[in-house]
1. Of 46, 28, 82, which residue is closer than 20 Å to residue 117 by Cβ, under 23 Å from the mean Cα position of the chain (by Cα), at pLDDT 90 or above and exposed (fewer than 13 other Cβ atoms within 10 Å of the Cβ)?
2. Among the residues that make up the range 137-154, is at least one of them out of contact with any helix residue (DSSP H, G or I) (no Cβ under 9 Å at 6 or more places or on another chain) and part of a loop (DSSP other than H, G, I, E, B)?
3. Could you tell me whether any residue of the range 162-173 is at pLDDT 90 or above, under 21 Å from the mean Cα position of the chain (by Cα) and not assigned by TED's automatic domain parsing to the domain that holds residue 18?
4. Under the condition of being touching a residue at least 12 places away in the same chain (Cβ under 8 Å) and assigned to a loop (DSSP other than H, G, I, E, B), which residue from the range 50-99 is farthest from residue 29 (Cα to Cα)?
5. Can you name every residue in the range 14-39 that is closer than 19 Å to residue 58 by Cβ and free of Cβ contacts under 8 Å to residues at least 24 places away in the same chain?
6. Does residue 138 satisfy the criteria of being loosely packed, with under 11 Cβ neighbours inside 10 Å and in the same structural domain as residue 155 (by TED's automatic domain parsing)?
């Protein structure tokens, strides 16, 4: 039996044994069977991508850990969507973006949010001060109490992370 077949069997067994439990566990936390089904599905997609189903020793703990991370992502996305829709609702009618433009903007906001969430706190703060508040690197250094060289280092890390998000998007589009 090949490793591919063995991994497929492990995923099949994991799904058959624990999908119902996971979906019920999620339904109790979310109060919505549709959201629970989506998150359960995404949990198993993560396992399939990781190709580690055969190595899982405590399946319910492992599934719950992945699902909790996905729930955090779901709640962050919904909060971001609410904030964006509040801004759109306050726009004059002539400036309200189309449904397609709103969807593209939400996708971009979610990617930026994920990129920022993955940065260390000081790097994230330096990037935001630069990009949103328009501070110079020298002003950021004073605000954060670090050297100009450290700010340069922070910005390189933030820009590398931004580049990786763009590169991943382009790979996904091709």
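The values are calculated or read from the model by the stated rules, or taken from the named source; none is laboratory data. Keep in mind that this is a model prediction, so the values were computed, not measured. Here the Cβ positions follow ideal geometry from the backbone for every residue, glycine too, while neighbour counts run over all protein chains shown.
1. Details: 46 fails: exposed (fewer than 13 other Cβ atoms within 10 Å of the Cβ); 28 fails: closer than 20 Å to residue 117 by Cβ.
Residue meeting the stated conditions: 82.
2. Applying the first criterion (out of contact with any helix residue (DSSP H, G or I) (no Cβ under 9 Å at 6 or more places or on another chain)) to the range 137-154 yields 142, 145.
Now narrow it down to the ones that are part of a loop (DSSP other than H, G, I, E, B): 145.
Yes: the range 137-154 contains one or more residues that are out of contact with any helix residue (DSSP H, G or I) (no Cβ under 9 Å at 6 or more places or on another chain) and part of a loop (DSSP other than H, G, I, E, B).
3. We begin by selecting, within the range 162-173, every residue at pLDDT 90 or above; these are none.
No: zero hits.
4. Out of the qualifying residues, it is 51.
5. Hits for the range 14-39 are 16, 20, 23, 24.
6. It is true that residue 138 is loosely packed, with under 11 Cβ neighbours inside 10 Å and in the same structural domain as residue 155 (by TED's automatic domain parsing).
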